[in-house]
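FYI, it's all coordinate maths here, none of it is from the lab. This one's a predicted model, so the numbers in the text were calculated from it and none came from an experiment. All Cβ positions, glycine included, derive from the backbone under ideal geometry; neighbour counts span all protein chains shown.
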Amino acid sequence: MKRIGSVVLPALLVAAFAVFVWSEGVRELVLRSMFPDRVSYIYERVTLARLLSQHVALVGVSSGLAAVVGVTLGIFVTRPIGRDFHPIVQDISSVAQTFPPVAVLALAVPAIGFGFAPSIVALFVYSILPVINNTVSGLDSVDPAVIESSRGMGMKRRQILWLTELPLAARVIVAGIRTSLVINVGTATVGAVVGAGGLGTVIVSGLVRDNSAYVFTGAATAAFFAFGLDFLIGRIQNRLYDARSD
């Protein structure tokens, strides 16, 4: 029964989310009941589904790059050849996250213009730290005795990395990617200020027009998107944990 509930409840939430995003009539009824003093409830310049797809693209590209680069750097600094670079990579990634995304956008726009590209740069810089940290932590936590056993079986360094270390560190690494993704969902809303689109567009419009319905529409959609990603990756983590336990 508990297992059925763990499937049915997420399915109902996804269905409700889909109706809210794709059905303007239902969305207007919800917003009208919540904000009865508003004149306008539906952002009409771009559909919410279109804004959501732009947001998914922003998060997907930037987080994908952060995952690939972060895991690669994490692997590099845990190898004998890269150990000396570990403090440098750690310091650079830490400093990068202290920069507000808006500041990174302000620096990126003069160099690469408005739109999608500067937003990707800002989100990438802001979200790479958790991936690097968790990759390093995960690989460093692998029991040296297990590595030595793999070496005793005749495995070479590359085989030990791919067949022993990464599988054992996978759950920790995925946790870093999970954090990076969730951070990016919220942070990606700032891309609207440089013309990148996404859910920040309707939020900014709501702030400019003093329209709470617009702000709620963008914020609620972004929040549900973040919760959905967090839930999905959490399931992946649990499967990795179960596989490791087996």
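Brief remarks on what is shown
- Charged neighbours of PHE224, selected by a Cβ distance under 15 Å, balance to 0 (K, R count +1; D, E count -1).
- The chain: angle of helix 166-187 to the longest principal axis, Cα-based, in degrees nearest 10: 20 degrees
- Loop trypsin sites (Lys or Arg not before Pro), segment 152-202 (other Cβ atoms within 10 Å of the site Cβ: 11 or fewer; DSSP): LYS156
- Computing FRET efficiency as 1/(1 + (r/R0)^6) for GLU28 and ARG209, where r is the C-beta to C-beta distance and R0 is 22 Å, gives about 0.85.
- Restricting the calculation to Cα atoms, segment 1-154 shows an Rg/Rh of 1.15 when the hydrodynamic-style radius is the Kirkwood one.
- Estimated inter-spin distance, PHE231 and ARG50, nm [label 7 Å along Cα→Cβ]: 2.8 nm
- Exposure proxy order (Cβ contacts within 10 Å, fewest to most) of SER93, SER180: SER93, SER180
- Counting only DSSP H runs of at least 4 residues, each contributing -39500 (n - 2.57), and dividing by the residue count of the chain, the helix-based mean residue ellipticity at 222 nm comes to -26000 deg cm²/dmol.
- Proxy reagent accessibility, fewest Cβ within 10 Å first, across LEU13, LEU199: LEU13, LEU199
- Peptides 134-147, 64-77 ranked from most to least packed by the mean count of surrounding Cβ atoms within 10 Å: 64-77, 134-147.
- 0 to 90° range, to nearest 10: angle between helix 2-22 axis and the chain longest Cα axis: 50 degrees
- Crossing angle, helix 116-140 versus the chain [Cα axis fit, 0-90 degrees, rounded to tens]: 40 degrees
- Once the Cα-Cα distance is subtracted from the 0.36 nm per residue extended length, the MET153 to ALA15 segment shows a gain of 44.6 nm.
- Of all the options SER40, SER127, SER149, the one that moves most in a Gaussian network model of the chain with Cα springs shorter than 10 angstrom is SER149.
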